[in-house]
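In what follows, a single structure is set out as structure tokens and then discussed.
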Amino acid sequence: NRPVTAQDLFGIGSTSKMFVAAAVMQLHEKGLIDINTPLTAYIPEFKMADPRYTQITPRMLLNHSSGIYGTGNANVSLFDDANTQYKDALLSKLAVQNLSGAPGQKSEYCNDAFTLLEVMIQRVSGESFTQYIAQHFCVPLGLVNTKTPLDDFDKDKRLVRTYLAGREPALPNETLGAIGSGGIYSTAEDLC
């Protein structure tokens, strides 16, 4: 029952992937990773049932050509719950999966690839993904309206509420446990 303001936060969904891509490229430019080196160099416990997983590189994850199937959705989207169970369990879920094709062979949209990159960013930087976003994007660029579900802010007042067919009450705030794949909140101004 009020107009949207420039400070209202929206869940930006898959646009969150641009923060992951930019973070990966920052780490690459600093010489902390090589986007063409197998992911196992950065996440040694990353394994899959298909032995070709050892060929997967950060570049393949970024361009959706890793051969990893799209998205395992269990517990990824929760209401008013900043739970990271989905990301925390991803490595064990992937350990029993095969690939849809040879790494680098074809492009198939893959949220799990960006969650793996989120894990890699944490491992290489020594910071949580939320801390990395704050320290390497929000602070230097003055993005005061870009947050993750793990940030401490008044979600009830800052997030734009969602309603079904105009009915009250509003739905609970959606929280995505795979932050890098789609869980960041921001404003149009911050994204610009």
Test: residue in segment 173-189 that is acidic (Asp, Glu), assigned to a helix (DSSP H, G or I) and surrounded by 16 or more Cβ atoms within 10 Å (Cβ to Cβ): no
Conditions (1) aliphatic (A, V, I, L, M); (2) in contact with a helix residue (DSSP H, G or I) (Cβ under 6 Å, 6 or more places away or on another chain); (3) open to solvent by 70 Å² or more (accessible area, probe 1.4 Å): number failed by Val96: (2)
Leu164 being surrounded by fewer than 22 Cβ atoms within 10 Å (Cβ to Cβ), out of contact with any Cys (no Cβ under 9 Å at 6 or more places or on another chain) and among the hydrophobic types (A, V, I, L, M, F, W, C): yes
Test: residue in segment 147-158 that is among the hydroxyl-bearing types (Ser, Thr, Tyr), over 19 Å from Thr57 (Cα atoms) and either outside any helix (DSSP H, G or I) or under 14 Å from the mean Cα position of the chain (by Cα) (or both): yes
Any hit, segment 133-142, residues being modelled with pLDDT under 95 and of a type in the set (Val, Ile, Thr): no
Search result, residues across segment 147-156 that are of a type in the set (A, V, I, L, M, F, W, C) and open to solvent by less than 50 Å² (accessible area, probe 1.4 Å): Phe153
Residue check, Arg167 assigned to a loop (DSSP other than H, G, I, E, B), of a type in the set (Lys, Arg) and closer than 14 Å to Leu9 by Cα: no
Hits in segment 109-146 - residues which are more than 15 Å from the chain's Cα centre (by Cα) and open to solvent by 30 Å² or more (accessible area, probe 1.4 Å): Val124, Ser125, Gly126, Gln135, His136, Val139, Pro140, Leu141, Gly142, Val144
Among residues of segment 37-77, those that are more than 12 Å from Ala102 (Cα to Cα), of a type in the set (Val, Ile, Thr) and either at pLDDT below 95 or open to solvent by 20 Å² or more (accessible area, probe 1.4 Å) (or both), counted: 4
Hey, Leu164 of a type outside the set (Lys, Arg), over 17 Å from the mean Cα position of the chain (by Cα) and modelled with pLDDT under 95 or not: yes
Search result, residues across segment 29-46 that are of a type outside the set (A, V, I, L, M, F, W, C), assigned to a helix (DSSP H, G or I) and without any contact (Cβ under 8 Å) to a residue 12 or more places away in the chain: Glu29
Meets criteria (more than 12 Å from the chain's Cα centre (by Cα), crowded, with 21+ Cβ neighbours inside 10 Å and at pLDDT 95 or above) for Pro103: yes
Residues (under 22 Å from Gln97 (Cβ atoms) and open to solvent by 30 Å² or more (accessible area, probe 1.4 Å)) located in segment 1-36: Ser14
Evaluation of Lys17 against (1) under 30 Å from Arg158 (Cα atoms); (2) out of contact with any helix residue (DSSP H, G or I) (no Cβ under 8 Å at 6 or more places or on another chain) (one fails), failing number: (2)
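The values are calculated or read from the model by the stated rules, or taken from the named source; none is laboratory data. Keep in mind that what you see is a predicted model, and the values were worked out from it rather than measured. Positions of Cβ are backbone-derived with ideal geometry, glycine not excepted, and every protein chain shown enters the neighbour counts. What goes into the accessible areas is simple: the full protein's heavy atoms, side chains included, and nothing from ligands, DNA or RNA. Shrake-Rupley method; radii C 1.70, N 1.55, O 1.52, S 1.80 Å.
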